[in-house]
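Let me begin by presenting the structure, written as structure tokens, before commenting on it.
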Amino acid sequence: MRTHVIKALEIVEDLLASNELNDGQRKALLQVQKHLLDALDSVVDVKSKVRDIAYTLQELADTLGLEVKLSSPRLVLDDEDILQAIAESTITDIEVEGEKAVVKRIVAAQH
């Protein structure tokens, strides 16, 4: 997506350099350029947020003993070990009620 927006910006810049544009066309292209720059900023922001989410997910998966593969995640710990890992974790609070365990809070790392 980022590459496509950058290529579109290059095309707009080339058109803006042309002397054959009237004022209305130039104004319209400047508006398009502004919208493309805003879109590029959004793409960069989303990429950063996805990276943060992936890091937090990896940390949680490591704590839970989860081997993460995008196609087929699987647990490498049994139920008791998972509950113990969560209970001892500094990023989670857990309450065990009979056979049910409820994670009350997960603290994400802030960057």
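Filter the range 18-55 down to residues that are of a type in the set (Val, Ile, Thr) and under 19 Å from Ile6 (Cα atoms) and give me whichever is modelled with the highest pLDDT. If you could, list the steps in order and put the result at the bottom.
Kept after step one, since they are of a type in the set (Val, Ile, Thr), are these residues of the range 18-55: 32, 43-44, 46, 50, 53.
Still in the list and also under 19 Å from Ile6 (Cα atoms): 32, 43-44, 46.
On the way: Val32: 94, Val43: 87, Val44: 86, Val46: 86.
If we take residues in the range 18-55 being of a type in the set (Val, Ile, Thr) and under 19 Å from Ile6 (Cα atoms), then Val32 is modelled with the highest pLDDT.
Residues that are polar (S, T, N, Q) and touching a helix residue (DSSP H, G or I) at 6+ places or on another chain (Cβ under 8 Å) within the range 4-54 comprise just one, Gln33.
Tell me which residues, restricted to the range 14-26, are surrounded by 11 or more Cβ atoms within 10 Å (Cβ to Cβ) and in a helix (DSSP H, G or I).
We begin by selecting, within the range 14-26, every residue surrounded by 11 or more Cβ atoms within 10 Å (Cβ to Cβ); these are 15-16, 21, 25-26.
Correct list: Leu15, Leu16, Gln25, Arg26.
The values are calculated or read from the model by the stated rules, or taken from the named source; none is laboratory data. Everything numeric here is computed off the predicted structure, so don't read it as measured data. Don't worry about glycine lacking a Cβ; one is built from the backbone with ideal geometry, like all the others, and counts go over all protein chains shown.
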